[in-house]
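Asks: I have a structure here, written as structure tokens, and I will follow up with some questions on it.
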Amino acid sequence: MKKYNLLITIMVIAALNIAHSSFAQDANDTVAEVKIKALEEKLNSLEQKLEEKKQAAVTPADAVSTEKLNELEQRQKIIERQLEIEREAAATVKEALAKSQSELAELKKAQTQQATSTDASPEQITQLIDARLEAKKADFASPEWVKNMQIKGDFRYRFEGTDDESKSSDRNRSRIRARVGVYGKASDEFDYGFRMASGNNESPTSTNQDLGNSFSSKELWLDLAYFDYHPKSIPGLNVFGGKIKNPYYTVGNSDLMFDTDVNPEGIAVTYSKTINDKTDFFGAAGAFYVEERSTEAETSLWGFQGGIKHVFDKEQGNYVTLGGGYYDYGNLKGTTLSYPSTANFFGNTTSGGNFASDFDVVQGFAEYGFKYNDIPVKLFGDYAKNIASTTDKGTAYLAGATVGNNKKAGDWLFGYNYRDVEADSIVGVLAEATFGGGGTDVRGHKFSLGYQLSKNVNFTTSYMIAERTRNDVTADHNVLLADLVLKF
């Protein structure tokens with residue numbers, strides 16, 4: 001639209017210039033003609049009066065004296081001088097008129113050239129404007145790597161109140177989480193990502209930073225650093241390497257297998273494919289470093305997962321997701337992990353200060369979604385069994401539901417789940433860090449209610465009612481959370 005406004009403006013200016021030139025020429029011609037005609041009439045009148053006076057001066061019947069005749073001659077000379085002045089003035093006017101006509105001719109010539117130069121079609125003018133705009137853009141163009149880069153992050157302010165029966169007093173604290181990342185496109189088939197995050201320490205399950213400690217400065221940690229290879233020849237395939245986001249699918253709000261802050265380190269492959277218009281397949285496989293040792297065998301994680309999602313009715317949000325996985329932790333039994341530095345196994349059974357069991361975990365999960373009065377509802381379950389456990393405490397499960405969503409301002413989301421995580425079902429150091437104080441050998445309920453304040457601002461409150469067993473002693477461990485989250 002702006003281009004056509006410019007075109008109309010050019011045409012209007014050209015029309016006004018032509019009209020002004022024509023008007024100026026006509027006005028100058030009229031003024032000159034009137035003035036010359038008036039001068040000619042005055043000259044004729046003066047000549048006629050002079051002739052009459054001469055005739056009167058020489059008529060014998062009047063018997064005019066010599067004195068009277070001299071007076072008439074003087075008056076004649078005055079009139080002749082006036083006539084001469086008027087003729088000179090007329091010549092000056094004619095000269096000015098000729099100059100004006102010459103200037104007008106030059107103006108017409110210039111106008112003709114201008115009209116010729118702008119005598120182009122709207123398409124040609126549009127192309128000319130586009131070319132000039134592109135030329136101007138090139139002067140201020142950013143490098144390609146800048147154009148292909150995004151900065152994203154989030155900030156969370158949390159109030160956390162903990163009622164731990166095993167402690168002499170409750171604990172209330174404010175905590176923040178800050179994460180900022182740079183994500184970009186290195187080529188048509190390679191992407192990259194880097195993210196920094198806050199945290200009290202190098203915990204793999206928490207980026208929370210407690211407020212306090214005399215206003216001291218807070219630390220930042222490298223939270224993500226990876227490449228993402230997605231070959232055009234194999235649509236749906238992604239190969240990740242580095243410190244990456246968890247590639248495994250989770251149902252509902254389940255955090256049974258891993259805390260949501262866990263970002264594994266190594267290589268992973270994900271693949272998705274549409275089988276038909278109602279069924280999709282997804283899968284993931286990863287080889288990760290859990291503990292690198294210079295002299296002993298390393299502890300690794302080899303994980304495989306696959307599943308399908310079948311949609312019964314897209315309009316009604318009616319679907320089912322089914323899947324399973326296998327996670328093999330190599331060389332964990334009889335060893336320890338460098339994090340934490342203290343001998344904390346987060347609920348896993350120990351023997352001689354080392355892990356008493358290996359962990360070969362079989363997983364199964366399901367989710368069913370539908371709408372009730374246009375409100376999305378999800379029912380889900382997650383199950384894990386450590387088939388390498390040396391104890392009878394190798395099973396974990398979680399079942400829950402969500403109602404609503406958090407997509408736009410005014411949306412709300414209610415969530416509930418119940419879990420029972422036995423001591424040797426999963427690796428405790430990677431388990432959910434807040435429920436029951438973190439780790440395994442916990443069981444209980446979690447309630448949550450979220451409200452979307454605006455597109456990028458959410459408020460959620462959660463309450464966890466749990467029992468926690470440590471050293472054969474079971475105690476209540478309840479936690480209240482209030483989170484304000486801002487995304488950018």
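The values are calculated or read from the model by the stated rules, or taken from the named source; none is laboratory data. All figures in this text were calculated on a predicted structure; none of them were measured in a lab. Cβ placement follows ideal geometry from the backbone for every residue including glycine, while neighbour counts extend to all protein chains displayed.
Asks: Looking at 414, 365, can you tell me which residue is touching a strand residue (DSSP E or B) at 6+ places or on another chain (Cβ under 7 Å), part of a strand (DSSP E or B) and loosely packed, with under 15 Cβ neighbours inside 10 Å?
Replies: It is 414.
Asks: Could you tell me which residue of region 428-469 is surrounded by the most Cβ atoms within 10 Å (Cβ to Cβ), considering only residues that are closer than 26 Å to residue 167 by Cα, among the hydrophobic types (A, V, I, L, M, F, W, C) and under 38 Å from the mean Cα position of the chain (by Cα)?
Replies: 431
Asks: Looking at region 433-488, which of its residues are part of a strand (DSSP E or B) and without any contact (Cβ under 8 Å) to a residue 12 or more places away in the chain?
Replies: Once the filter is applied, which keeps residues that are part of a strand (DSSP E or B) and without any contact (Cβ under 8 Å) to a residue 12 or more places away in the chain, region 433-488 yields only 474.
Asks: Test of understanding: among 393, 385, 408, which residue is surrounded by 16 or more Cβ atoms within 10 Å (Cβ to Cβ), basic (Lys, Arg) and either within 39 Å of the chain's Cα centre (by Cα) or in a loop (DSSP other than H, G, I, E, B) (or both)?
Replies: 393
Asks: Within region 193-200, is even one residue out of contact with any helix residue (DSSP H, G or I) (no Cβ under 7 Å at 6 or more places or on another chain), surrounded by fewer than 19 Cβ atoms within 10 Å (Cβ to Cβ) and among the charged types (D, E, K, R)?
Replies: No, region 193-200 contains no residue that is out of contact with any helix residue (DSSP H, G or I) (no Cβ under 7 Å at 6 or more places or on another chain), surrounded by fewer than 19 Cβ atoms within 10 Å (Cβ to Cβ) and among the charged types (D, E, K, R).
Asks: Next question. Considering only residues of region 276-314 that are of a type in the set (Ser, Thr, Tyr) and surrounded by 15 or more Cβ atoms within 10 Å (Cβ to Cβ), which is farthest from the chain's Cα centre (by Cα)?
Replies: Only one residue tops the list, namely 299.
Asks: Same structure, new question: So if I check each of 270, 205, 260, which one is crowded, with 19+ Cβ neighbours inside 10 Å and within 27 Å of residue 340 (Cβ to Cβ)?
Replies: 205
Asks: Still on this structure, please answer the following. What strands (runs of 3 or more DSSP E) lie completely within region 152-267 and have 2 or more residues being over 30 Å from residue 307 (Cβ atoms), small (Gly, Ala, Ser) and in the same structural domain as residue 288 (by TED's automatic domain parsing)?
Replies: In region 152-267, the matching strands (runs of 3 or more DSSP E) lie at 171-185.
Asks: Going by the conditions given, is residue 245 touching a residue at least 12 places away in the same chain (Cβ under 8 Å), surrounded by fewer than 15 Cβ atoms within 10 Å (Cβ to Cβ) and at negative phi?
Replies: no
Asks: Still on this structure, I have one more. Filter region 268-289 down to residues that are touching a residue at least 24 places away in the same chain (Cβ under 8 Å) and in a loop (DSSP other than H, G, I, E, B), then give me how many there are.
Replies: 2
Asks: Within region 344-362, can you find the residues that are part of a strand (DSSP E or B) and surrounded by fewer than 17 Cβ atoms within 10 Å (Cβ to Cβ)?
Replies: 350, 351, 354, 362
Asks: Here is a follow-up. So which of 339, 319 ends up being buried (at least 16 other Cβ atoms within 10 Å of the Cβ) and in contact (Cβ under 8 Å) with a residue 40 or more places away in the chain?
Replies: On inspection, the qualifying residue turns out to be 319.
Asks: Here is a list of conditions, (1) part of a strand (DSSP E or B); (2) surrounded by 15 or more Cβ atoms within 10 Å (Cβ to Cβ); (3) over 33 Å from the mean Cα position of the chain (by Cα), and residue 324 meets all of them except one; can you say which number that is?
Replies: (2)
Asks: Is it the case that some residue within region 422-440 is at pLDDT below 95 and of a type outside the set (S, T, N, Q)?
Replies: For region 422-440, residues at pLDDT below 95 and of a type outside the set (S, T, N, Q): absent.
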